[in-house]
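Q: Please find one structure pasted underneath; my questions will follow.
The values are calculated or read from the model by the stated rules, or taken from the named source; none is laboratory data. Keep in mind that this is a model prediction, so the values were computed, not measured. Heads up, the Cβs are rebuilt from the backbone with ideal geometry, glycines too, and the neighbour counts pull from every protein chain shown.
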Amino acid sequence: MTTATRDISTNDSFVARRYNRFMPEPTPDVLTRAKQIRLLLMDIDGTLSAGVCLISLPNDGGIAEMKVFDPQDGLALKLAHTMGIRTGFITGRKSPAVAQRARECDVDYVYLGQAKKSEAYEECLQKAGVTDEETAYLGDDLPDMPLSRRAGLAIAVANAAPELKAISHYVTDRSGGAGAAREVVELILKAQGRWETAIPLALA
């Protein structure tokens, strides 16, 4: 696992200084990996949401599922789209709430109800025309490990399973559903030297 460190090479020191002081300082290896990213994929429960699933049973006998999403994550996903970084959701649950959030955030690829995520991952890479090395994956738990092992930049949220953290290149300072995706988008755009260009595009 690659963790935060102060051992930054001279070539990368300027980039590292531009990171939010609340974000872990990326290592030279993480910066190199982030510079190549063209596709950002992620899990949902425990990653883009806090992992709390509220289920209600309406009088008509149906099931209504509610999820809570962080607005900073949403803005970051829209900004990634604007900056030409394709995004995708791969989750084991079928959720209309996730489908709606994907539409709101201009997410390119949405795969719901995926018991095995590898096939969806392969399809996303094929559609985006990218390689593993150009793909980042953000996850929080054991089912995310196969994709994390493949991705050029594997990222675990702060409250992820220890086993996932151990094989990830970067661990966010923020927990799942609390700005972790925003942190990852900033990491990638800053490593690519494009964050300052992106900021005006996010202004209301």
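Q: Please specify each residue of the range 109-128 satisfying the condition of being of a type in the set (D, E, K, R), modelled with pLDDT of 90 or more and surrounded by fewer than 19 Cβ atoms within 10 Å (Cβ to Cβ).
A: Answer for the range 109-128, where residues must be of a type in the set (D, E, K, R), modelled with pLDDT of 90 or more and surrounded by fewer than 19 Cβ atoms within 10 Å (Cβ to Cβ): 119, 122, 123, 127.
Q: Residues that are more than 23 Å from residue 35 (Cβ to Cβ), at least 2 per element: which helices (runs of 4 or more DSSP H) completely within the range 116-204 meet that?
A: Output list reads 118-128, 145-150, 162-167.
Q: How about the range 39-82: which of its residues are polar (S, T, N, Q) and at pLDDT 90 or above?
A: 47, 49, 72, 82
Q: Now for a different question. Do we find that residue 129 is small (Gly, Ala, Ser) and in contact with a strand residue (DSSP E or B) (Cβ under 8 Å, 6 or more places away or on another chain) in this structure?
A: Against the criterion (small (Gly, Ala, Ser) and in contact with a strand residue (DSSP E or B) (Cβ under 8 Å, 6 or more places away or on another chain)), residue 129 does not qualify.
Q: All but one of (1) touching a residue at least 24 places away in the same chain (Cβ under 8 Å); (2) touching an Asp or Glu at 6+ places or on another chain (Cβ under 9 Å) hold for residue 145, so report the exception by its number.
A: (1)
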